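Peer 1: The structure is given below, and queries will be raised subsequently.
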Amino acid sequence: MNAGERQAKSALLVRELAAFLLFGGIAALTNLLVGWQLYGKGLFPALPYWCATGIAASCGLVVNFGLNYAFNFKFRGRSVFRQFSTFCIVALIGVAITNALSYGI
């Protein structure tokens with residue numbers, strides 16, 4: 001691989017990482033806004049906190065997958081459902097790790 005190819009590949013990785021981070025930020029904002037609207041003085045003040053945060057997290061996950069699928073993921077060899085299933089499993093592992101770390105700290 002020559003220097004031009006390495007530079008082009010590096011630029012593509014930077015672009016993909018920036019898009020991935022941007023989409024993650026949009027998903028986090030979606031999560032926060034939906035949670036804010038569902039809990040407390042929002043649209044459904046009687047909704048239990050655990051339910052509101054579960055719905056909000058699900059909305060953020062769907063937004064994150066949708067944006068990454070449309071603009072960032074290049075692999076199309078599997079169905080959208082199978083890709084979404086893998087995305088959910090990885091997200092749940094991340095939630096479990098975060099939860100374990102937060103209880104350990």
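The values are calculated or read from the model by the stated rules, or taken from the named source; none is laboratory data. Because the structure is a prediction, the values reported are computed rather than measured. With ideal geometry, Cβ positions are generated from the backbone for all residues, glycine too; neighbour counts draw on all protein chains shown. The accessibility values were calculated without ligands, DNA or RNA, using every heavy atom of the protein model including side chains. Shrake-Rupley method; radii C 1.70, N 1.55, O 1.52, S 1.80 Å.
Peer 1: List, in order, the whole-Hz ³J(HN,Hα) value for each residue of the stretch 69-83 obtained from phi through the Karplus relation with A = 6.51, B = -1.76, C = 1.60 and θ = phi - 60°; use x for Gly and Pro.
Peer 2: 5, 6, 10, 10, 6, 9, 7, 10, x, 10, 5, 4, 4, 5, 5
Peer 1: Calculate the spin-label point distance for Phe71 paired with Ile89, positioning each point 7 Å from the Cα along the beta-carbon direction, and give it in nanometres.
Peer 2: According to this spin-label approximation, the distance is 2.8 nm.
Peer 1: Apply the Karplus parameterisation 6.51 cos²θ - 1.76 cosθ + 1.60, with θ equal to phi minus 60°, to every residue of the stretch 7-24 and state each ³J(HN,Hα) to the nearest whole Hz, in sequence, with x for glycine and proline.
Peer 2: With coefficients 6.51, -1.76 and 1.60, one gets 5, 5, 5, 5, 5, 5, 5, 5, 5, 5, 5, 4, 5, 4, 5, 4, 5, x Hz.
Peer 1: Something else: Could you check how much of the accessible area of the chain is carbon and sulfur, as a whole percent, using a 1.4 Å probe? Provide the component values of the computation, followed by the final result.
Peer 2: Values: 5760 of 7730 Å².
Whole-percent figure for carbon plus sulfur exposure: 75.
Peer 1: Let me cross-check Phe44: its accessible surface, 1.4 Å probe, with only protein heavy atoms counted, in Å² to the nearest 10?
Peer 2: Approximately 110 Å² of Phe44 is accessible to the 1.4 Å probe.
Peer 1: Sticking with this structure for a sec: Using the crude model of +1 on Lys and Arg Cβ and -1 on Asp and Glu Cβ, and no other charge, please compute the dipole size for the stretch 1-101 relative to its Cα centre, in debye to 20. Numbers along the way, then the final one.
Peer 2: Numbers: 8 positive and 2 negative charges, 53 e Å.
Result for the stretch 1-101 is approximately 260 debye, rounded to the nearest 20.
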